[in-house]
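The values are calculated or read from the model by the stated rules, or taken from the named source; none is laboratory data. Worth saying up front: this structure is predicted, and the values here are computed from it rather than measured. Virtual Cβ from ideal backbone geometry, glycine too; neighbours counted across all protein chains shown.
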Amino acid sequence: MDTAPSFSPKGRSAAEVAKISCPICSKCYNESDIQSHVDKCIFLNSSGNEANGSSTVETPMKRPASGASTSPESSPLPAKIRRESSNRDVNSTTSGSKGKANDSKPLAEMMRPNSLGDYVGQEHLLGDNLVLRNLLEKDKPPSMILWGPPGCGKTTLAHIIHQRCSAKSGTRFVKLSATLAGINDVKEAVKVAQNEQNLTRRRTILFMDEIHRFNKLQQDVFLPHVESGLITLIGATTENPSFSLNNALLSRCRVFVLEKLKTEHVVEILMKALAAVGAVVGNGSSIPTTGKAKYVVDSECVKWLAEMCDGDARIALNSLQIALESSLRSESPSIMCPKTITLDDIKEGIKRSHMLYDRKGEEHYNIISALHKSIRASDENASLYWLARMLEGGEDPIFIARRLVRASSEDIGLADPMALTMALSAMQACQLVGMPECDVFLAQTAVYLARAPKSREMDVALGKAKSLIKSYPGPQPSVPLHLRNAPTRLMKDLGYSKGYNMRHKDVSGLSYLPEGLEGTNFFDGN
């Protein structure tokens, strides 16, 4: 039988009583659906504001309909975002003044520019009327991979794009690092990007720092979303994308190669940093009397720092910060009597220990190739230079010795058979003695190979033989019967070894090549 609908004491139906107002958007939902809606609503607002640099949700929070307070532990906000939001709140209440907050930042981070006009270097990419600059100025960056050595400006370029996106309400910027984030973090960012596109039509730019830390299977997570245009991917890497990124991702992104900063670029960056910290550049013998300064830095210091950093602006700025902070230990700088920092003061605490060399990266292969080609060209000075670069960079001496063994046969060969013997002896000596004493063995061998007469006869001839075998039509020819061994009676009856003699080929009357290849000469023209 039919039952009459139930009514609450106030005259409302049970369905209406079950409706609960969302504390974020104030819309009403069924009691069974409100929890999942609040999760999505808070996550969407928090993620969007976090990407734009905001620490609060735009829509004012309301107390849940049940009247219960929400603690950080019981909040429907995902745990990761709760922690980040909590950290921002703590930082905002304990940071004090802006100056105190900046004191804890590295100088390299404090000096990071916010506009393309302040960006230094990479003129081959960001010069006037070049494609990348025009796209960035129009706020239409393509999906791209920024490849370059440390400290050349990859993250800074992404930071500038972030600042431009923050100024434009139509674009959302998400920054992740492959050293900390995982596949699930990328999926969360993509989910929010999908919601943003469906609800507000906002574009999403995803910056993935150190993207080469994701293996090639993990990189597949970007493919469908870059392909559909849901996200614009900007990846930064110090590794060669040809080896560290999969081909499918490379086909969807434009690769921009950033170069080491030149000395004059680093000098310009250091001069801006000195002006920002209240320092002036002097000549070491006199203190400038114009203006107010906390420090006086010898002009030689700026040039030396720019030269010792090997094109890495981060190294130069952080080294300058160390020099300035170390001067505070002896005496506090004042405007009336600024602290003078000389080149000797900087060299006392900073050693030239930074050199771009990755034993598993691009420079590893570049420099060993330069050594081999210098030996081939008989340039003993260049050979010794590249060898020293590798040894100072911490290269494995056995790896260098193996390449020298190869060069002794490939480029010298029969022109000086002793070259191979010397290279093998050097490799054995490196195994027995080890670094640092084995460096002279490698140097002696590299110079010997560079000075030795050159002949690529063996390498070229071997290449011709391999090419003939690979390109031979049909099955490979059989070994002639007279060249086969005949250890059994049956094999002798079949003609194995019949007619063979040990005389010279010109006297024996036999052919030692397969049928159809008689008269082939791999050494013709060598």
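Assorted remarks:
- Number of the condition not met by residue 134 [criteria: (1) polar (S, T, N, Q); (2) under 20 Å from the mean Cα position of the chain (by Cα); (3) under 29 Å from residue 263 (Cβ atoms)]: (2)
- The set of residues in segment 96-148 being of a type in the set (Lys, Arg), in a loop (DSSP other than H, G, I, E, B) and modelled with pLDDT under 85 consists of 105, 138, 140.
- Evaluating residue 371 against the criteria (1) modelled with pLDDT of 75 or more; (2) in contact with an Asp or Glu (Cβ under 7 Å, 6 or more places away or on another chain); (3) within 30 Å of residue 401 (Cβ to Cβ) leaves one unmet condition, (2).
- In this structure, residue 200 does not qualify as of a type in the set (S, T, N, Q), on the phi < 0 side of the Ramachandran plot and crowded, with 20+ Cβ neighbours inside 10 Å.
- Among the residues of segment 197-219, those that are in a helix (DSSP H, G or I) and touching a helix residue (DSSP H, G or I) at 6+ places or on another chain (Cβ under 7 Å) comprise 212, 218, 219.
- Any hit, segment 474-490, residues being touching an Asp or Glu at 6+ places or on another chain (Cβ under 9 Å) and loosely packed, with under 15 Cβ neighbours inside 10 Å: yes
- Checking each residue in segment 166-187 for being surrounded by fewer than 18 Cβ atoms within 10 Å (Cβ to Cβ) and of a type in the set (Ser, Thr, Tyr) picks out 166, 169, 177, 179.
- Residue in segment 215-229 that is surrounded by 20 or more Cβ atoms within 10 Å (Cβ to Cβ) and touching a Pro at 6+ places or on another chain (Cβ under 9 Å) present: no
- Within segment 136-163, the set of residues being buried (at least 18 other Cβ atoms within 10 Å of the Cβ) and of a type in the set (D, E, K, R) comprises just one member, 154.
- Among the conditions (1) polar (S, T, N, Q); (2) surrounded by fewer than 17 Cβ atoms within 10 Å (Cβ to Cβ); (3) over 23 Å from residue 231 (Cα atoms), the only one that residue 114 does not satisfy is (3).
- Just so you know, in segment 168-196 the residues that are of a type in the set (A, V, I, L, M, F, W, C) and in a helix (DSSP H, G or I) include one that is farthest from residue 237 (Cα to Cα), and it is 192.
- Selection count where residues are surrounded by fewer than 20 Cβ atoms within 10 Å (Cβ to Cβ) and hydrophobic (A, V, I, L, M, F, W, C), scope segment 390-404: 3
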